[in-house]
Amino acid sequence: MSQDAAFNAAKATRREWIGLAVLALPCVLYSMDLTVLHLAVPQITAALKPSSAALLWIVDIYGFMVAGTLIIMGTLGDRIGRRLLLLIGAAAFGVTSLLAAFSTSAEMLIGARALQGLSAATLAPSTLSLIRNMFHDDDERAFAIGVWVASFSAGAAVGPLIGGVLLSHFWWGSVFVINVPIMLLLLALGPFLLPEFRDPNAGRMDLMSAAQSLVSVLSIIYGIKRIAEDGWALGPAAAIGVGLVIGLFFFRRQMQLADPLIDVGLFRARGFSAALATNIIALFVVFGTFLFIAQYLQLVLGMGPLEAGIWTAPSGIVFALGSMAAPFLVRAFRPGTVIAWGFLLSSLGFALLTQLSAAHSPWLLFAGMMIFCLGLAPIGAITTDLVMAEAPPERAGAASAISETSFEFGGALGIAVLGSIVTALYRSAMGGAVLGDMSPHSVEVARDTLGGAVSVAHQLGGDGGERLLATAREAFVYAFEVTSAVSAVGAIVAAVIAALLLKKVER
């Protein structure tokens, strides 16, 4: 038996399975932090009064910083130890959560969220790479990865409920304070229940490569965000161009280094590259949609945070169950087949969301949400397993970072692009609306965001406030419907990509 075959044949012990439960803690928290923020957006808007651009930065700077530093953190974990990096990141995440909770301005919150993202970049690659080293058997690894992905979904399920309770009884910063006790629990249990792994032959970290990867990713994302918000301009286009050029130099440098930051040879594997492309599209269509769902339930239908959380919680349950079912689905069908049909099913759910104006009720929204969640649910676990199966164990940190970068890049891009489309369509619709007798400042606030319009309407009161509220809600629903159509088309494109590129890929 070869060394690799012997490695794959080894079975996990009780220690590894207990360790998996510990690794689930930061995964649950990671997704909770995203979902509760969506619920907190209306209260943050009322308290800090951010501009529409600042509000988008509050929501997506976290994902941008994670995406920009994941590769650096994953490779760092291969060198200094994945457990050590996980514990350092957990401590930093707790501290930055407190900083975010007690922010007194939109700018301070953006800065705190950026530091949170930097800390969070240590969590996902550390946990996934530890799983790659703890579970050597293919079936056990696939199941463990399913549990890992399900943990993120579980956080998405309980996040709205916990966030709803907190926002109903405390100020918006409480959704960040909840991170602290969970991180303390991880810091207490991790040193005893998690094994340590590092690459014994890893060379010195190449700082030039680290800087290139960070600048490349952030430049590209910044340029796309600015173009999506304000249209084509020289500055954003130049940022994208600079990012692409630096990225090219980065990959050329990796091919020349004896100890590269990432193994570019992995991209030659069809399953690896196709899985990454699939991740980006899947997260693009789903992340922005959930942000709009939270605002629709609260600002259009008038629900409180807890009620909105109850309506969205089942989506996390569907994702968790789908992730756990993924290993069994790929035993019966090819991965590409499961992924393609999943995307096609999700496109039907997004198509339903294009009809929201026909029903002033949460039930149509709920049906569309559950359908697209059902279709997308198994995809993350399948693509993650495809990526990790291609990576040698000593490079698991870098491979997991690449996988997570594709997730975060897709999610942040979805929020930025789809969010910017909603903002542009909302402003366009409100710009042509007659808003009545209001001060110029109130008109500007109402035309900037739906949250601003709701605030102004409440101040006006009477028939004028009701008319403004109805106009603003109609404009937002129209914008939401258009972005849902964009998501439906994106899901169909992803189904075609998966069917073609993963056609011959076996699990």
Exercise. Note the angle between two axes, namely the Cα long axis of helix 305-332 and the longest principal axis of the Cα atoms of the chain, as a number of degrees from 0 to 90, rounded to the nearest 10.
Key: 30 degrees
Practice problem: For the range 103-155, list log₁₀ I(q)/I(0) at each q in 0.20, 0.28 Å⁻¹, using the Debye formula over Cα point scatterers of equal strength and ignoring solvent, two decimals each. | Solution: -0.75, -1.02
Practice problem: Taking each pair of different alpha-carbon atoms in the range 30-137 once, compute 1/r for the pair, average those values, and report the inverse of that mean as the Kirkwood hydrodynamic radius in Å to one decimal. | Solution: 14.6 Å
Quiz item: Using the Kirkwood radius built from alpha carbon pairs, what does the Stokes-Einstein equation give as D for the chain at 4 °C and 1.567 mPa s, in µm² per second?
Solution: 56 µm²/s
Quiz item: Taking square-rooted eigenvalues a ≥ b ≥ c of the alpha carbon gyration tensor, is the range 147-283 rounded, prolate or oblate, where a/c under 1.5 means rounded and, failing that, a/b exceeding b/c means prolate?
Solution: oblate
Self-check item: Translational D in µm²/s for the range 21-90 (Stokes-Einstein at 25 °C, 0.890 mPa s, Kirkwood Rh from C-alpha pairs)
Solution: 174 µm²/s
Self-check item: Qualifying trypsin sites (Lys or Arg not before Pro) for the range 137-214 [loop in DSSP, other Cβ within 10 Å: at most 13]
Solution: ARG204
Self-check item: Ordering of 56-62, 175-181 by packing [mean C-beta count within 10 Å, highest first]
Solution: 56-62, 175-181
Quiz item: Where does each of 68-80, 88-100, 438-450 land if you order them by average Cβ count within 10 Å, highest first?
Solution: 68-80, 88-100, 438-450
Quiz prompt | Percent RCO, i.e. relative contact order, over the chain, from Cα pairs under 8 Å lying at least 6 residues apart | solution = 23 percent
Quiz item: If we restrict to alpha carbons, what Rg and Dmax does the range 82-183 come to, in Å?
Solution: 15.8, 50
Self-check item: the range 236-324: mean projected area of Cα convex hull, nm²
Solution: 9.6 nm²
Quiz prompt | Nearest-ten-degree value, helix 234-256 long axis tilted from longest Cα axis of the chain | solution = 10 degrees
Practice problem: Please give the helix 123-134 orientation as an angle from the longest Cα principal axis of the chain, in degrees from 0 to 90, rounded to the nearest 10. | Solution: 30 degrees
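Read-outs throughout are calculated quantities, based only on the coordinates presented, and are distinct from any laboratory measurement. What you see is a predicted model; the values in this text were computed from it and never measured. When we count neighbours, we look across all protein chains shown, and the Cβ atoms used for this are built from the backbone with ideal geometry, even at glycine.
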